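Notes follow once the structure below has been shown.
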Amino acid sequence: MRKYTDLEYLKLNKWQRAGHKILSFFAGIPQGIWNFIKKIGLGLGKAGKAIGAEFKDIVDTFVHGDWKTKLSFPIMGFGSIARGQVLRGILFLLFEIIFIGYMVLTGGYWLSMLPSLGKQGPEKGYDPIYDQPITIFHDDSFKILLYGVLTIFFIIAFIYTWRVNVRQNKISEEILKSGKKLKSGKDDLRSMVDDNFHKTLLALPMTGIVIFTVLPMVFMVLVAFTNYSAAYNGYSNNLFHWVGLDKFNQLLSWKSVQGGQSYAATFGEILVWTLIWAFLATFTNYFLGILVAMMINKKGIQFKKVWRTILVLTIAIPQFISLMYVSKLFAENGYFNLKLFNDMHLFTKALPFWQDKTWARVMVVLINIWIGIPYLMLMATGILMNIPQDLYESAKIDGASAWQQYRKITLPYMLFVTGPYLLTSFIGNMNNFNVIYLLTGGAPVNPAASSAAGSVGYTDLLITWLFKITQGGEKADYALASVIGILVFLVVSLISLVVYGLMPSVKNEEDFQ
Amino acid sequence: MASVKLTNVKKIYDNKVVAVHDFNLDIKDKEFVVFVGPSGCGKSTTLRMVAGLEEISEGTVEIDGEVVNDLQPKDRNIAMVFQNYALYPHMTVYDNIAFSLRLQKLPEDVIYNKVTNAAEILGITDYLMRKPRALSGGQRQRVAIGRAMVRDSKVFLMDEPLSNLDAKLRNQMRAEIILLRQKLNTTFIYVTHDQTEAMTLGDRIVIMKDGYIMQVGTPTEVFEMPENLFVAEFIGAPKMNIMHTELSCENGKYYVHPFGARLPVEGDKGAKLNELRVPGKQIILGVRPEHIQLAKEAGPNTIPVKLEVNEMMGSELHLHVYTEDGTRLIVRVPTIDLDPEQRNSLVQGAALNITFGGKVMHFFDKETEHNILLP
Amino acid sequence: MKTRKSLPSGIVMLIVAACLIAVCAPLILWIRHAAAMDSASFMETCQTIVHRIAHPFPIDPDHMGAVLLTILMLLLLAIAVVLVIVAVINLLRGPRDEQSRHMGLRTANAISNTAIHILLVVISVIWLLPFIFIVLQSFRVESTYQVGYIIPEKWGFDNYVSIFSAGSNFPRWYLNTFIMALATAVLQTVIVLCMSYTLSRFRFKMRKPLMKFMLVLGMFPGILGMIILYRILSDLGLTQAHAVPGLILVYVASSGMGYYVSKGFFDTIPKSLDEAARVDGATRAQVLFKIILPLSKPIVIYTILTAFMAPWGDFVFAKYASMNNQLGMNVAVGMNTWLATPSMLFANYTKFCAGGVVVAIPVVILFMCLQRYYVEGVTGGAVKG
């Protein structure tokens, strides 16, 4: 595969160039993979070096520090208070006291139980006072896992704060040595609205994200390695324990489940449909939305605002109403069939919109178009209006027809600006719960796959399957759901990585500015 | 009292790019100093370090004897006029100018006096209730200056304030800035890429290239005694003519031999060459276009050239000529004493003879590009 | 001047028409296979097809594939016929001069404009039709189940009355959702703006890693977290009947991750405004409140609007949090229970329509009043995101 010089490349015709591009793409794959591995290696190396440097710094600070610094190692904040920064010192000290108190009182307990996730489950006992059997509850696996993880987070936070405390001492010593003054408590407060304002602003949002997104994610990833389910809920019936990769094996095994399909086959089927659905949903909406926007925007079309307003109106109506209603509209005894079959006898039998596999899949794509086009049209209209007019003027002077202008100016500009949007839209559609669940609930049901934890249908996405597994009442298997969640994440990140790798031009904003 | 002192100031970005190398400068109180140079030379970066908008990587900046490296912009008592004016679009002109005063919690009548005074000086009293989008470029410029004026700050910083104006307005504003300087009587640091602005406005000029200071001096100094080739070519328009030639010494007299001619070095320069005992060698010779004359006929001290382009500038002609070996030179000829016959002979391809005197030559070392006559 | 010889356009059109007609033959074979008539001969198939075109109804849904293919074939034949006619006219008339070619362009333009207008009317009707249906059916009094006609025989407000009557939980759902919408509108806006302003204006060391981290975090399916959040919330007593504060907490706490649109907007405000204000003596906090926010009205309204509208449409999280307790449901989950089983659907269909109208109207009015800001947000920030 030789590389062409610029002049040589220009000499090639269309086909040769296409061929060259395809060949070089494939030839570049091994190199790309090798680069990726190298980057990971380098990253790990850098991380290792950074950690090593941190340790060295800590030891350094202790060895070269004065007695205030040395005492700050066991007693956090001591150095700060001793040097007059009372506010900071007290905050450090408080944190240390709270942490030690927590660890002694409950933290240590949760940590110790973490490896086993509970030793004693509920046992049957006897209540002599009321003369009836009762259940005595002991350990709670769920609580152990939850608070154990929280404790680990807390420990990490403490280590980080302790490290900040150590570094503070070193910095304070250096400042004093060079003759400058330390920042007072008032200075600190003032900096919270000035140079450290970003920390003040980020505090609340980041806390929320950590507690309500990061923590559940970490937890669910860990659950995937346990056998937490409705039958093993860790408290009232059975404890659950670490089972390693058992659940992964269960999901990916080709053994048939209760006489029906294996989990792996079900997973494979649903994954394929999810990808196909995401692709269709994204691209149909995208191109049709642009088409509608261009139609309305064309010179000579009257009542532009009316068309746009009508479409925008449909965005305002809460989606669930539209979806639920349409779902019933096309049901076997819905309006559509009642009118066209029962009344007008246009068909030999009721149209199986949600009963036939292919019909249902086509219907969800079509209804999704109905829901999605107004939004895409809005976006496309905005972009169309932003294309600099002098591009068109110069093209007209060069002799381009209207069609050529569309092809060479409008479409590339549009594709360029909304390229990143396509990726996020694709991923969003992969996880588009509402449209599938509210329209079909996954129907029509796939009988062979039904036995695999909850009923599975031909329009189910991975995410709706996940939902059903967690709602299966007594058959609910949360660990299995977590495994599916992790796999979804892996698929999504793989796709994102590949796409971003293929489209470096996404980052070249200068071309169009 | 507001002197500004920069000592060993460096600016190094995260990716190890050095924007400013070892900048040292002492600016006296009430001095008007201009930083000038091509784009990317580090002049704006240095100004922003003085302002506190960029972190100082190394070195110290002192304002009035106090090291201000760790002070926020608002604590440094400086005022700044930005290149694109940076007027607050949602406030009226009055509110724009009053903004900083209100932050200082001054009483409203004091603010009123200060704002209206500044507006009068700048001639924008009629626009006080308008919003920036209703003003022209020149008017916005004045509002930006007004905003900086009312602060009674120690140092007045201006970052290419005239770049966004058209040529005629620029000339007008230049004069107004000179007047402003007389009225305000404070220390100015002014950044521009236009050497004309630098020459007309500055008490001293700092010429920068690639983050280094090339020369610091008064306009006269940098024009008549450029320290190096870069300064010589940067100051003065059209550019100084550069010739690679030989400097020879015969019996204590020095000659240069450009393109076959033999021209004696006269006056102070010759004496200085003698004093420094400069040996004969290959040098870079610089002569400004206005110092080259047309000779009536060829001779031992003339250079034969051919005319390529004749630019009519009004009061003078700019003749673009080239020598036998293709070196291009520019000659400025005043039109006022030119007789019609001579003028008509100045057509494309015409053969001319040029010469210049020994007092107007600049000598630069071939390797270091440094002015041979200066230490 | 073309130096290559090119065929006159008429000939080209005839060739294309011939190709289209030729394609019909394999299409007929495909139709035969789709209609499960493999035994029939080619002629028999053609006869059947012609017969079916003459008497289209009733259509057998199982043979939908054959129906669609027949329609396709008819379309191709129609295009071929048009092409032949135009080609013949072209060839008979000979080459046209410049002027008539321009006139041809203008008529072509007029034709396409009319076609587009018709298309737009059709599109508008299709898009609005279901909503017209819902409104009409909500006034139906004579029955509560699905029927085969749209216009009610008897008009009345019975359905509206019944959803607000004593036995229905609809008012409770409505109130729940309204409170959540209000609280979310305020709190989420604050959090999102804090996040997007910081990421747009400040350059601190962890900035890029933070943005990448949130990008990756967003790739996890969100509903997975609900399982554990439900457990935490129920320990705090914020589920089932008291799901509302719990849901507000869930919506608002992680809303910082949705900063893209606002950040894109803030990026368009020049940084020199910040710098001028800081030189003038403002702290960074003062810069935000006195300079940036007054200039950000469109994006603030956009954020408030989208934050307000979100709880009205949420299904999954609300379903988890309320866990079958009617008192804690929002309108989406609640109205879904009305249609859960066929027998419930039987009794509640028209109620559902009425409920839908009541829910939609205030939201739509609010949206249409502020649509300018919504459009600005979508076209400005969302695209650059």
Give B:Ala295, B:Ala271, B:Ala237 a once-over and let me know the one that is under 16 Å from B:Thr355 (Cβ atoms) and modelled with pLDDT under 90.
B:Ala295
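So for region C:201-210 (the condition being open to solvent by 40 Å² or more (accessible area, probe 1.4 Å), part of a helix (DSSP H, G or I) and either modelled with pLDDT of 90 or more or more than 9 Å from chain A (Cβ to nearest Cβ) (or both)), does at least one residue qualify? Outline the logic, then answer.
Restricting attention to region C:201-210, the residues satisfying the condition of being open to solvent by 40 Å² or more (accessible area, probe 1.4 Å) are C:203-206, C:208-209.
Still in the list and also part of a helix (DSSP H, G or I): C:208-209.
Within this subset, residues satisfying the condition of being either modelled with pLDDT of 90 or more or more than 9 Å from chain A (Cβ to nearest Cβ) (or both) are C:208-209.
Yes, that holds for at least one residue.
Considering region B:326-375 alone, what residues qualify as being under 23 Å from the mean Cα position of the chain (by Cα) and among the basic types (Lys, Arg)? Reasoning before the result, please.
First, the residues of region B:326-375 that are under 23 Å from the mean Cα position of the chain (by Cα): B:329-332, B:360-364, B:368-375.
Listed by number, the list holds a single entry, B:Arg332.
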Check A:Phe142 against each of (1) in contact (Cβ under 8 Å) with a residue 40 or more places away in the chain; (2) open to solvent by 20 Å² or more (accessible area, probe 1.4 Å) and name the one condition it does not meet.
(2)
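For region C:325-346, give me each residue that is open to solvent by 50 Å² or more (accessible area, probe 1.4 Å), more than 10 Å from chain A (Cβ to nearest Cβ) and either over 19 Å from C:Ile163 (Cα atoms) or assigned to a helix (DSSP H, G or I) (or both). Please lay out each step first, then the result.
Filtering region C:325-346 down to residues open to solvent by 50 Å² or more (accessible area, probe 1.4 Å) leaves C:326-327, C:340-344, C:346.
So of that shortlist, the ones also more than 10 Å from chain A (Cβ to nearest Cβ) come out as C:326-327, C:340-341, C:343-344.
Selection gives C:Gln326, C:Leu327, C:Ser343, C:Met344.
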Restricting the search to region A:330-357, which residues are part of a helix (DSSP H, G or I) and within 7 Å of chain C (Cβ to nearest Cβ)?
A:Tyr335, A:Leu338, A:Lys339, A:Asn342, A:Asp343
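Please go through region A:190-214 and give me each residue that is hydrophobic (A, V, I, L, M, F, W, C), at the interface with chain C (Cβ under 8 Å from one of its Cβ atoms) and under 23 Å from the mean Cα position of the chain (by Cα), ordered by number. I'd like the intermediate steps shown before the answer.
Let us first name the residues in region A:190-214 that are hydrophobic (A, V, I, L, M, F, W, C), namely A:192-193, A:197, A:201-204, A:206, A:209-212, A:214.
Adding the requirement that they be at the interface with chain C (Cβ under 8 Å from one of its Cβ atoms) leaves A:193, A:197, A:201-202, A:204, A:206, A:209, A:211-212, A:214.
Those that are hydrophobic (A, V, I, L, M, F, W, C), at the interface with chain C (Cβ under 8 Å from one of its Cβ atoms) and under 23 Å from the mean Cα position of the chain (by Cα): A:Leu202, A:Leu204, A:Met206, A:Ile209, A:Ile211, A:Phe212, A:Val214.
How do the helices (runs of 4 or more DSSP H) wholly within region A:41-156 filter down when requiring 3 or more residues that are among the aliphatic types (A, V, I, L, M) and assigned by TED's automatic domain parsing to the domain that holds A:Lys180: which remain? It would help to see each step written out before you state the result.
Values: elements: A:67-72, A:78-82, A:86-102, A:108-113.
Passing ranges, in order: A:86-102.
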For region A:30-52, indicate whether the set of residues that are farther than 24 Å from A:Val499 by Cα, open to solvent by less than 40 Å² (accessible area, probe 1.4 Å) and among the aliphatic types (A, V, I, L, M) is non-empty.
no
Kindly provide the set of residues from region A:170-187 that are farther than 18 Å from A:Phe78 by Cβ, open to solvent by less than 100 Å² (accessible area, probe 1.4 Å) and assigned to a helix (DSSP H, G or I), ordered by number.
A:Asp187
B:Asp14 vs (1) in contact with a Lys or Arg (Cβ under 6 Å, 6 or more places away or on another chain); (2) under 28 Å from C:Arg203 (Cα atoms); (3) of a type in the set (Asp, Glu): all pass except (1)
Taking only region B:49-74 into account, find how many residues are at the interface with another protein chain (Cβ under 10 Å from one of its Cβ atoms), surrounded by fewer than 20 Cβ atoms within 10 Å (Cβ to Cβ) and not in a loop (DSSP other than H, G, I, E, B).
1
Residues that are in contact with a strand residue (DSSP E or B) (Cβ under 7 Å, 6 or more places away or on another chain), touching a residue at least 40 places away in the same chain (Cβ under 8 Å) and among the small types (Gly, Ala, Ser), drawn from region B:225-259:
B:Ala232
Does B:Leu179 qualify as being surrounded by fewer than 23 Cβ atoms within 10 Å (Cβ to Cβ) and part of a loop (DSSP other than H, G, I, E, B)?
no
When you look at B:Asn77, is it touching a Lys or Arg at 6+ places or on another chain (Cβ under 7 Å), within 14 Å of another protein chain (Cβ to nearest Cβ) and either open to solvent by less than 40 Å² (accessible area, probe 1.4 Å) or in contact (Cβ under 8 Å) with a residue 60 or more places away in the chain (or both), yes or no?
yes
Identify the single condition in (1) modelled with pLDDT under 85; (2) of a type outside the set (Val, Ile, Thr); (3) part of a helix (DSSP H, G or I) that C:Gly148 does not satisfy, given that it satisfies every other one.
(3)
Can you name the condition, by its number, that A:Ala278 falls short on among (1) out of contact with any Pro (no Cβ under 7 Å at 6 or more places or on another chain); (2) open to solvent by 20 Å² or more (accessible area, probe 1.4 Å); (3) within 14 Å of chain C (Cβ to nearest Cβ); (4) assigned to a helix (DSSP H, G or I)?
(2)
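Would you call C:Tyr259 farther than 27 Å from B:Phe99 by Cβ and more than 9 Å from chain A (Cβ to nearest Cβ)?
Answer is no for this residue.
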So in region A:144-189, with the set limited to residues that are closer than 30 Å to C:Ile232 by Cα and of a type in the set (Ser, Thr, Tyr), which one is farthest from the chain's Cα centre (by Cα)?
A:Thr161
Mind checking which residues of region A:192-242 are β-branched (Val, Ile, Thr), open to solvent by 20 Å² or more (accessible area, probe 1.4 Å) and within 30 Å of A:Ile134 (Cβ to Cβ)?
none
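The values are calculated or read from the model by the stated rules, or taken from the named source; none is laboratory data. As the structure is a computational prediction, the values presented were derived from the model and not from experiment. Positions of Cβ are generated from backbone atoms using ideal geometry, with glycine treated the same way; all protein chains shown enter the neighbour counts. Just so you know, the surface numbers come from the protein's heavy atoms only, side chains and all, with ligands and any DNA or RNA stripped out. Shrake-Rupley method; radii C 1.70, N 1.55, O 1.52, S 1.80 Å.
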